[in-house]
Amino acid sequence: MTEELLKIRKDLSKKLKNERFEHTIGVMYTAASLAMCYGSDIQKALTAGLLHDCGKYCSAKEQIKLCRKYDIQLTESELEMPALVHAKLGAYLARHEYKVKDQDVLDAITFHTTGRPGMTLLEKIIYIADYIEPNRRIIPGLEEIRGIVFQDIDRAVYLSAKNTVRYLNDGGKAVDPMTVSTCEYYQK
């Protein structure tokens, strides 16, 4: 791991709650493993994995306030579902606080919660690493996704999006249209 990533890791260990930090480390290493498997840039995967939840150091209400302060545009869905806001805030913080210039890394952070149609390989890696990392509690379909992700990442992305949509619908919760679009795109 580069010296820069070690500094970011140390900073996040102080900012994030312990459980969130452990999740972050799990995503970082899962992303690196997937990058090795698929021939993607390991440093970019480590960086995006480490920073994917850096916007979750404060409450959802505070995240929305910070987005307004930094002029980060939020969709109606994001305002209705504040759990999504940390992704855009995280990309902003990665650029401005942690000095990440790589747009691929910033996009992977931005889309790690909802996905999007036609994701880059790095975006898919961070999206799915967040879903399957070892610290995740077992949810329906998780074992199946963990079983196929190293053979067929697109299928894993589809199943993850499908499970998310089903989980939110079954719970009577709103579903971000981007997650639905991701599911439909990768169903093919």
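The lone criterion from (1) more than 18 Å from Ala83 (Cα to Cα); (2) of a type outside the set (Phe, Trp, Tyr); (3) touching a residue at least 40 places away in the same chain (Cβ under 8 Å); (4) open to solvent by 30 Å² or more (accessible area, probe 1.4 Å) left unmet by Pro140 is number (3). Applying the criterion of being of a type outside the set (Gly, Ala, Ser) and open to solvent by less than 50 Å² (accessible area, probe 1.4 Å) to the residues of the range 30-43, the residue that is farthest from Ile125 (Cα to Cα) is Thr30. Only a single item in (1) assigned to a helix (DSSP H, G or I); (2) within 14 Å of the chain's Cα centre (by Cα); (3) in contact (Cβ under 8 Å) with a residue 12 or more places away in the chain; (4) within 28 Å of Arg146 (Cβ to Cβ) is not met by Phe21, and it is number (3).
Condition test on Arg137, is it out of contact with any helix residue (DSSP H, G or I) (no Cβ under 9 Å at 6 or more places or on another chain), part of a loop (DSSP other than H, G, I, E, B) and among the basic types (Lys, Arg)? Yes; evaluated as a whole, the condition is true for this residue. Need pairs with beta-carbon distance below 6 Å; first residue polar (S, T, N, Q) and within the range 28-39, second open to solvent by less than 50 Å² (accessible area, probe 1.4 Å); sequence gap 6+ or separate chains. Filtered contacts from the range 28-39: Thr30/Ala129; Thr30/Glu133. For the range 143-164, a residue qualifies if it is surrounded by fewer than 19 Cβ atoms within 10 Å (Cβ to Cβ) and either in contact with a strand residue (DSSP E or B) (Cβ under 8 Å, 6 or more places away or on another chain) or among the β-branched types (Val, Ile, Thr) (or both), and exactly one does: Ile148. The residue pairs whose first member lies in the range 46-57 and is under 11 Å from His86 (Cα atoms), whose second member is part of a helix (DSSP H, G or I) and of a type in the set (Phe, Trp, Tyr), and whose beta carbons are closer than 8 Å, counting only pairs six or more residues apart or on different chains, are Gly55/Tyr92. Got a sec? Which of Tyr127, Tyr167, Tyr131, Tyr185 is free of Cβ contacts under 8 Å to residues at least 60 places away in the same chain and surrounded by fewer than 22 Cβ atoms within 10 Å (Cβ to Cβ)? Unique residue meeting the criteria: Tyr167.
The values are calculated or read from the model by the stated rules, or taken from the named source; none is laboratory data. On a predicted model such as this, the values are computed, not experimentally measured, just so you know. No Cβ is skipped: glycine too gets one built from the backbone with ideal geometry, and neighbour counts run over all protein chains shown. Side chains are part of the model used for accessible areas, which takes the heavy atoms of the whole protein and leaves out ligands, DNA and RNA. Shrake-Rupley method; radii C 1.70, N 1.55, O 1.52, S 1.80 Å.
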